[in-house]
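So the structure is just underneath, and the comments pick up after that.
A short reminder: the numbers here are calculations on the coordinates, not readings from a lab. Predicted model only: the values in this text are computed from it and were never measured. Positions of Cβ are generated from backbone atoms using ideal geometry, with glycine treated the same way; all protein chains shown enter the neighbour counts.
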Amino acid sequence: MALDPAFRRLAAGLALSVALLTAPASGEEFEVTIHHAELQEVAIKPRVGDTIRFVNHADISHNLYLTYEDGQVETLDTQPPRTTKRAVLHRAGHVVVRCWIHPIIRMELDVAGKAAEQ
């Protein structure tokens, strides 16, 4: 049974879309260390597409989440001690990083737009 050409084009387009959405970020990667109940103070200037790697050096679990200024929330799920979680920054603007378990943990970032391709 031959597939309809329109169906083949649709399937190929869908496969390409999935590949683009799951492709790794091509920006810089920054590391932020989690101590007992605080995030390491860092002076980073992230851009859209950059990755922040959160390394838990505490002896307790954390559950970080990012809140973008448009209200979208991205959670990194539970992060046991001595583990790493990554977040790719998807939007420009102000971003607040907090912990669901320990609300005292807070970090604020200003994410710049993606650099122009050269």
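Using modelled backbone amide H atoms (1.01 Å from N, in-plane), which distant-in-sequence or interchain residues come within less than 5 Å of Ser61's amide H?
Placed amide hydrogens put nothing under 5 Å from Ser61.
Label Arg106 and Arg86 with points 7 Å out from Cα along Cα→Cβ: what is the distance between them in nm?
Each label point is offset 7 Å from its Cα along the Cβ direction, giving 3.0 nm.
Run the numbers for Glu69 and Glu31: contour at 0.36 nm per residue of separation, minus the present Cα-Cα distance, in nm.
Working: separation 38, 0.36 × 38 = 13.68 nm, distance 2.20 nm.
So the extension gain works out to 11.5 nm.
Applying the Karplus parametrisation 6.51 cos²θ - 1.76 cosθ + 1.60 with θ = phi - 60° to the phi angles of the range 74-79, what ³J(HN,Hα) value in whole Hz is obtained for each residue in order, glycine and proline being reported as x?
For the range 74-79, the Karplus curve yields 10, 9, 9, 6, 5, 10 Hz.
Pop a pseudo-label 7 angstrom from the Cα along the beta-carbon direction at both Arg47 and Val96 and give the gap in nm to one decimal.
Going from the Arg47 label point to the Val96 one covers 2.8 nm.
Describe numerically, in nm with one decimal, the distance between label points set 7 Å from Cα along Cα→Cβ at Lys114 and at Asp59.
Each label point lies 7 Å from its Cα, and together they span 4.4 nm.
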